[in-house]
Each structure stands twice: as structure tokens, then as C-alpha cells.
Amino acid sequence: MDEPIEKREAGMRVPLSAKYETSFAYKTIKDRLPVIVSSIADTLYRLKKNILDQHGQAAVEELKIIIGHMSKLRHEISTDKPVTPLTDNRSDTPVWNQYLQKQTEIEGQVPTWFSSPWLYLECYMYRRIQEAVSLSMRLQSLDVFETQKRSSYLLSDGAITTLLMYLMSVVDSCKTASENDLHFLFKEFLQVALWGNRCDLSISAGLGNAQKECILTKLESLFPNILVNDSELAWQRLVKTRSTRGSPGRIDIILDNAGFELMGDLCLAEFLMAGNLASSIHFHAKAMPWFVSDVTQNDFDWTLQTMCATNNLAISRFGAKWKERLKSGIWVLHQDDFWTTPFDYSVMASRSPRLYQNLSESDLIFFKGDLNYRKLVGDLDWNPETSFTTSLRGFSPAPLLALRTIKADVVTGLQPGQDVKIAAKDKDWMIDGKWAVISFSEPKQL
Ligand code: F6P
Ligand code: MG
């Protein structure tokens, strides 16, 4: 069966109230969203002194207003109030308000927090948080999740050190490595980037979710939990690009979370360069704080800066090397508003033709994480045996590989009966982040 099973009329996604419980501290998504909003208020209270020192009393007054907006938002969510239009002046405000209008027409009433599609409302919550910040005069660049993201990176210190020391030895050995060695290493770094996705802070409602152990020693035991593994197809695509072109191609990485996950993505990028499998890497970050831990330009810059200031040689060397790559344009960091809209990727070509065109220039695009996956497959209620390519519904700017630990109840590309077998072992398999997919798709003519 290739069509998504719609729970309601065509085009509607699953509403928030229909979602499962997760195994994390704040059990339901319904409970988790207000907790995320409350934790922002707590963080902001703690920032008061710093803000007073840096920006003065007027900024503290604005901070209090932002905290007030958080209490209001929390109340609206907990009491399932109707969604309100945005009132700030960001360039994406009209798009969000038109979306709300359209959704109101579809539902025949103004959407409320627990009655409307989850993908839309979850995205809307983060946009509302940004609205509170954007309405201020002096605190426009405030990232309300910054403290959490930074401490998640710092708490992953041991795992990052081991990983970068390993990367240093790999980069040295790449010069003399055989094709077989590179093939093995490619799969290894893919898995590091994949399992790094367990470290997001939105599923844990902002509670610490850092990588405490060395990921490299865990790969073998985690391997059986990869339910779809198309890494071979991605490898063949990279090798084919290099042989037809005579030189390696452009790789894009649609980033997900800051902290340990970003470090795994950077290591994958470095390995692809060192192994002569990529000539340039284009990273794509979020244009505003998003889903607690998603990477913004600021997080990316902070990470490299912090690496440079570390006294571990491997970490500081790679920090400096990666800064240099960015300076020379071999690595590029992009931001686009489209990533922080509620739209799924099947409408990217019409909604954001420039971004789609840019991605079409890639030779292989890595999509990181759960939210990117949900947006790839439209967060629809697919039969898990539907092919991954079918579930993309025409989204095909270039060959692409999704690396995702499963945290939301949608998945495609499974073998017949595979879902039943996994469910017998782990009833929460679709939401606990313990299982994963590496799913590949490419345009037909390639
Ligand atoms: O339920 C898990 C969740 O909060 C989803 O709402 C969201 O898609 C996901 O976690 C975020 O995860 P990731 O950082 O992997 O995109
Ligand atoms: Mg994320």
C-alpha cells in the first residue's frame, strides 16, 4: 500500500492529542511542551543579572515582558486555547499567519493546541517563543536555549575528546588508505553522525541529554537497531560521482542539534574531505532558536571558537582547521527561513524555489534527525512498508540520505512484518529514540 493512511480528510496530519507517550521524564507531548516553555522562564530569570550588567535596566524590563509572554504561552498550551496570529515583524510573519488562516479553513475553526496537526503546532510553539523575543527592542538576538545547548556540549566533553583524537588518526591514515578502508570508515562516521541524534534536548524537555560515553565503542552493539540501512547506496553514489566527474562532489548537511550531534556531523564532513569523497561541504543551520537544541549560526560559531580555546591538541587543531575551511569557502554555512516554517519538504520547490535550486547543486544531501525526517515524509500516517522514495512525494532536489533516530511515530521503508517484530521487543520503539534509519533516495535520471 503506497498511499498514506489519513486519519482525517486528505492533507490532514495527526493531531497532538493522538500521540503516544514517551519514555522520558515528561511523558506526553501534551505535558512536554508546557515544560519546555516553563524552563525558558527559569533560564531567563537566571540571566537577569547578566542582562543588567550588559544591557542595563531597560533590557531587564524587556526580559520581564518576555517571561510574561512565556507564562501566557504556557497557559494557552495547557488549556488548549485557539492559536493566535503572530504580531512581530519578522520576514516570515505573513507566511505563518497565512498558514493559520488556511488551517482554520481546513478545520472549519481556529486550530487549538491539541486538536490540530502536531507538526504544525510543535513548530508554531517555537515560532511563538521567537515572537516574544522579536517584540523586544534590546534583546532581539537573545537565544533562550543557549545555556542548555552550551552545557550539553560541555557535558559531552569526554566523548568529544575521544572522537576527535580518533578523527585525527583517521585523517592521517586517509592518505594511504585503501578503498576498502575508506568504505569501512565511511560507514563508521555515518553511524557516529546517526547516533549523535539521540542527544536532542526537545525530546527530553530540555533536561540534560549529553553524550557521556565514547560513541565509537557503542557502534557495534547499536548496529542491530538500525532498521533501514542504505549506507551502501550512499557510498556507491559518492564513488560514482567522483569517477564520472574525475573529482569528488559537493555534499550538503541539513543540520539538526548542537552539542555532540553537531560534533559527529563535523567529523563526518572532515572524513569526507580527508578521504577525497567531497570537495566542498555546505551546512544548513536554523535561522532562529528551534526545537530547543537545533544549531543556529551562533551555535556553530561558538562550537568552533570553544574548540580553538581548548587545550586538547586534537580539538583545538580541528577547530582552527574548520574555521579556515569556512574562511576559504570550501565549507559554507547557510541559513534559510524555510527550515523554520511549518511546511514539509514536498512543497519546498514552490515555497522556497531558491533553496530548492541551491540544494539541487548538491551531489548528496544528508538530512539529520527526527524533525527533518518528519518533514521529508510529511509527518503522514504512512504504512511502514511504503518505500522511502514514495513517502517523499516528489521531493528530489538531489540524492539524499536521512540519518535519524526514531522519536516520532512515522517511518517508511521497512520490510514486511519488521514493525511487528520490533514492537514485540520494544513497545515504545517509534518514540524512544533507541531505533534508527539510514534511508537513501535519488532522482530517477541518475
Ligand atoms: O517527540 C520527539 C520530538 O520532540 C519531536 O517532536 C521532534 O520531531 C523531535 O523530538 C526532535 O528531534 P530531532 O532533534 O531529532 O529533530
Ligand atoms: Mg532537533
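Values computed for the structure shown
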{"read-out": "Test: residue in region 272-292 that is in a loop (DSSP other than H, G, I, E, B), crowded, with 17+ Cβ neighbours inside 10 Å and at positive phi", "value": "yes"}
{"read-out": "Number of positions in region 232-247 that are in contact with a Phe, Trp or Tyr (Cβ under 7 Å, 6 or more places away or on another chain) and without any contact (Cβ under 8 Å) to a residue 60 or more places away in the chain", "value": "1"}
{"read-out": "Selection count, region 86-145, where residues are surrounded by 16 or more Cβ atoms within 10 Å (Cβ to Cβ), part of a loop (DSSP other than H, G, I, E, B), modelled with pLDDT of 95 or more and of a type in the set (S, T, N, Q)", "value": "1"}
{"read-out": "Residues of region 293-312 classified as surrounded by 20 or more Cβ atoms within 10 Å (Cβ to Cβ) and part of a loop (DSSP other than H, G, I, E, B), total", "value": "2"}
{"read-out": "ILE330, sole failed condition from (1) buried (at least 19 other Cβ atoms within 10 Å of the Cβ); (2) away from ligand 2 (no atom under 16 Å from the Cβ)", "value": "(1)"}
{"read-out": "Answer residue from region 173-221, given it is at pLDDT 90 or above and in a loop (DSSP other than H, G, I, E, B) and is farthest from ligand 1 (Cβ to nearest atom) among those", "value": "THR176"}
{"read-out": "First in region 248-272 and farther than 20 Å from ASP363 by Cβ, second anywhere and assigned to a helix (DSSP H, G or I) and basic (Lys, Arg), Cβ under 7 Å, 6 or more apart", "value": "ALA258/LYS149; GLY259/LYS149"}
{"read-out": "Scan of region 251-271 for residues that are touching a Leu at 6+ places or on another chain (Cβ under 8 Å) and away from ligand 2 (no atom under 16 Å from the Cβ), ordered by number", "value": "ILE251, ASP252, CYS267, LEU268, GLU270, PHE271"}
{"read-out": "Matching helices (runs of 4 or more DSSP H) fully within region 313-423 where at least 1 residues are over 30 Å from LYS102 (Cα atoms)", "value": "313-328"}
{"read-out": "Answer residue from region 289-334, given it is charged (D, E, K, R) and within 16 Å of ligand 1 (Cβ to nearest atom) and is nearest to the chain's Cα centre (by Cα) among those", "value": "ASP294"}
{"read-out": "Extreme residue, surrounded by the most Cβ atoms within 10 Å (Cβ to Cβ), among residues of region 222-231 that are part of a helix (DSSP H, G or I) and touching a residue at least 12 places away in the same chain (Cβ under 8 Å)", "value": "SER231"}
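To keep it simple, each residue is scored yes or no on (1) within 16 Å of ligand 2 (Cβ to nearest atom); (2) among the β-branched types (Val, Ile, Thr); (3) in contact (Cβ under 8 Å) with a residue 24 or more places away in the chain.
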| residue | (1), (2), (3) |
| --- | --- |
| GLN335 | yes, no, yes |
| TYR356 | no, no, yes |
| PRO384 | no, no, yes |
| LEU403 | yes, no, yes |
| VAL410 | yes, yes, yes |
| ILE422 | no, yes, yes |
| PRO443 | no, no, yes |
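For every residue, the table says whether it meets (1) over 23 Å from GLU122 (Cα atoms); (2) modelled with pLDDT under 95; (3) not assigned by TED's automatic domain parsing to the domain that holds LEU121.
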position: HIS334; (1), (2), (3): yes, no, yes
position: SER346; (1), (2), (3): no, no, yes
position: TYR356; (1), (2), (3): yes, no, yes
position: ASP363; (1), (2), (3): yes, no, yes
position: ASP370; (1), (2), (3): no, no, yes
position: ASP379; (1), (2), (3): no, yes, yes
position: GLN415; (1), (2), (3): yes, no, yes
position: LYS421; (1), (2), (3): yes, no, yes
position: LYS427; (1), (2), (3): yes, yes, yes
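The values are calculated or read from the model by the stated rules, or taken from the named source; none is laboratory data. If you're wondering where the values come from, they're calculated on a predicted model, not measured in any experiment. Methodologically, a virtual Cβ is constructed for each residue, glycine included, from the backbone with ideal geometry; neighbour enumeration extends over all protein chains shown.
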